[in-house]
Amino acid sequence: MRAGAPRPLFWWVLCVLAGLAQAAALAWPWPPLESWGLRTGQPVGGLQVLGLAALVLALRCAPTARAAFGLAWLGATAWLCGSFWWLFISMHTYGGLAAPLAAVAVLALASALSLYYALAGGLWWRWRHRGVFVQALAFAAVWTLAELARAVLFTGFPWGAGGYAHVDTLAALAPWVGVYGMGALASALAVLLAAWLPPRVGRPGGVWRWTLLVALLAWWLPPQVAREWGTPAGTLHVRLLQGNIAQDEKFAGDSGVPQALAWYGDELRRAVADPQPRLVVAPETAIPLLPQQLPARFWSDLWAPAAAGPSAVLAGLPLGRLEAGYTNSAWGWTPERAGAALPALRQVTPEADTPLAATDGLYRYDKHHLVPFGEFVPPLFRWFVDLMNIPLGDFNRGTLAQPTLDWAGQRLAPNICYEDLFGEEIAAGFADPARAPTVLVNLSNIAWFGDSIAIDQHLQISRLRALELARPMLRATNTGATAVIDHQGRVTHQLPRLTRGALDAEVAGREGLTPYARWSSRWGLWPVLWGALGVLAVLWGRGRRPA
């Protein structure tokens, strides 16, 4: 060790702090620091770059590739634990798992996912003494490959990917390259910043550094100066419902279930009886029972006023039967569909179970991307699920790119809960421009995670989907954040979290495709993967082996 060089403990601590900074960058979790521009629940792109730059600095000073592997693993573990620590709440508070076991489970998940970034750090160490331009390209490539691995392998869990911290700072890039392209650019910026920080190990100068700096900072544009993609497709009045049913009561037959049926039922009937045409949206599992478990009177009381009114409804509920399996779904009914469903109900007494034949003509969306442990049990992990007291099950998957609900000149594309993490899957519905959605609708229930930063993080994720696809995003949730996001990623209307209420707004649909929608709808994430691999191949083959 060189005289005066920091000891290993310094680098370990630095990597932990760097990871925590990246976690806080997605949505600032502490009270606001207005003088620093830090607002609670808002993304902080500069903090994400600063945290990643600190990690790059530690990797550059690592004595071996193995040491770099360990430092990257430590930093990424801190980052991911800080990003989704709230999983502890679902397992311990609502699942009944002992606190130590719940904490270990979160740490184990973060540690396992961090191996992708550890491999990236160990590989990048070989380029640590090359020119800044080469270092930046190499780090952006290996870090992006790690992000893709986390997003895809073992069904994927990309929550907290670096690009989400830049929904306000690199917004102009979102319609071109999506969240992973934004994350790659932020990674390159981090290398530039690290090159100027002491200790200046392998800090080459030259025109490349300044060329790259100017080129990267030229993209640092806020959403309002980004190019306007697409054309207007008319407006639609919407009402988004937020029931605020406590998670520990939500599926209880003597409390949460009657609350949900009564409140959402009353709100749906009231909304469709209004003479103003609108779309009414109730969140994921707003109706917490299977349709056939409810008396025919419940549905006739909903569909009769809907059939006579000018409004459509989209509501979350479970669907299916024992022999065919179950799905986490959304039902939609327009006046015409509601009217067509009523005759079958008249064939039974009001208190009889609802005949499934009555539901055949309703619009249906089935969740495609299921949550591990929440909606399906991974192989060999049944023992873990059995430790918790949560109403879990193995659901069936819906297909990709399901038809839209067409209403009032808009094509409405639902997605449920964390499905909006997977932009490439939502983009699959844009393959045919003539049938591409004009409005995106997210139905969520994040009450599993209490009054935590997960609510704010999910809002930022939805904002980035709106930017990538240049479509408004409607969010109807149980506890928050129920909001309307316009096609430039701006939150225009929002209900207070953990309150019961209805949010009314005018939303403007959009036609036309962004570049991201064009390439992602055809090839998914493959262009990002091959781009990163291509960069590494070029750098590796430059004729001089990395130091």
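Numbers below:
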read-out: Residue under evaluation THR492, criteria (1) among the polar types (S, T, N, Q); (2) closer than 30 Å to SER452 by Cα; (3) touching a residue at least 24 places away in the same chain (Cβ under 8 Å), criterion not met; value: (3)
read-out: Residue check for LEU342: buried (at least 17 other Cβ atoms within 10 Å of the Cβ), more than 23 Å from ILE245 (Cα to Cα) and in the same structural domain as GLN410 (by TED's automatic domain parsing); value: no
read-out: Hits in segment 126-136 (condition: out of contact with any Gly (no Cβ under 6 Å at 6 or more places or on another chain), surrounded by fewer than 23 Cβ atoms within 10 Å (Cβ to Cβ) and under 18 Å from LEU52 (Cβ atoms)); value: PHE133, VAL134
read-out: Selection count, segment 413-432, where residues are within 21 Å of TRP331 (Cβ to Cβ) and touching a Pro at 6+ places or on another chain (Cβ under 7 Å); value: 2
read-out: Segment 447-481, residues that are surrounded by fewer than 24 Cβ atoms within 10 Å (Cβ to Cβ), assigned to a loop (DSSP other than H, G, I, E, B) and of a type outside the set (Gly, Ala, Ser); value: ASP451, ILE453
read-out: Complete set of residues in segment 431-446 that are closer than 15 Å to LEU469 by Cα and either touching a strand residue (DSSP E or B) at 6+ places or on another chain (Cβ under 9 Å) or part of a strand (DSSP E or B) (or both); value: PRO433, ARG435, ALA436, PRO437, THR438, VAL439, LEU440, VAL441, ASN442
read-out: Pairs where the first residue, in segment 448-461, is in contact (Cβ under 8 Å) with a residue 40 or more places away in the chain and the second is crowded, with 22+ Cβ neighbours inside 10 Å and of a type in the set (Ser, Thr, Tyr), C-beta under 6 Å, 6+ apart; value: TRP448/SER90; PHE449/SER90; GLN460/TYR164; ILE461/TYR164
read-out: Residue match in segment 398-420 (condition: in contact (Cβ under 8 Å) with a residue 24 or more places away in the chain, among the aromatic types (Phe, Trp, Tyr) and out of contact with any Ser or Thr (no Cβ under 7 Å at 6 or more places or on another chain)); value: yes
read-out: Selection status of LEU123, surrounded by 19 or more Cβ atoms within 10 Å (Cβ to Cβ), more than 23 Å from the chain's Cα centre (by Cα) and outside the structural domain of ILE453 (by TED's automatic domain parsing); value: yes
read-out: Flag for ALA532 being in contact with a Ser or Thr (Cβ under 6 Å, 6 or more places away or on another chain), among the aliphatic types (A, V, I, L, M) and farther than 30 Å from LEU236 by Cβ; value: yes
read-out: Residue, modelled with the lowest pLDDT, within segment 349-404, restricted to residues that are β-branched (Val, Ile, Thr) and part of a loop (DSSP other than H, G, I, E, B); value: ILE390
read-out: Filtered residues of segment 171-196 (kept if farther than 19 Å from LEU55 by Cβ, in contact (Cβ under 8 Å) with a residue 60 or more places away in the chain and buried (at least 21 other Cβ atoms within 10 Å of the Cβ)); value: ALA171, ALA174, PRO175, VAL177, GLY178, VAL179, GLY181
read-out: Residue among ARG66, ARG60, ARG39 that is farther than 25 Å from ALA481 by Cα and surrounded by fewer than 17 Cβ atoms within 10 Å (Cβ to Cβ); value: ARG66
read-out: Sole residue being assigned by TED's automatic domain parsing to the domain that holds LEU189, in contact with a strand residue (DSSP E or B) (Cβ under 8 Å, 6 or more places away or on another chain), touching a residue at least 12 places away in the same chain (Cβ under 8 Å) and not acidic (Asp, Glu), chosen from VAL44, VAL49, VAL56; value: VAL44
read-out: Any hit, segment 455-475, residues being over 20 Å from the mean Cα position of the chain (by Cα), within 26 Å of THR285 (Cα to Cα) and in the same structural domain as LEU240 (by TED's automatic domain parsing); value: no
read-out: Qualifying positions in segment 482-521 - part of a strand (DSSP E or B) and either small (Gly, Ala, Ser) or under 22 Å from GLU425 (Cα atoms) (or both); value: ALA483, VAL484, ILE485, GLY501, ALA502, ALA505, ALA508, GLY509, ARG510, GLU511
read-out: Restricting segment 77-102 to residues that are touching a helix residue (DSSP H, G or I) at 6+ places or on another chain (Cβ under 9 Å) and over 20 Å from GLN247 (Cα atoms), the residue that is surrounded by the fewest Cβ atoms within 10 Å (Cβ to Cβ); value: LEU101
read-out: Of all residues making up segment 270-281, the number that are assigned to a helix (DSSP H, G or I) and buried (at least 16 other Cβ atoms within 10 Å of the Cβ); value: 2
read-out: Single match in LEU123, LEU107, LEU115, LEU148 (criterion: in a helix (DSSP H, G or I), within 24 Å of ARG542 (Cα to Cα), in contact (Cβ under 8 Å) with a residue 12 or more places away in the chain and out of contact with any Lys or Arg (no Cβ under 7 Å at 6 or more places or on another chain)); value: LEU123
read-out: Tally of residues being of a type in the set (A, V, I, L, M) and assigned to a helix (DSSP H, G or I) across segment 282-332; value: 6
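The values are calculated or read from the model by the stated rules, or taken from the named source; none is laboratory data. Every value quoted in this text rests on a predicted model; they were computed, and no experiment measured them. Don't worry about glycine lacking a Cβ; one is built from the backbone with ideal geometry, like all the others, and counts go over all protein chains shown.
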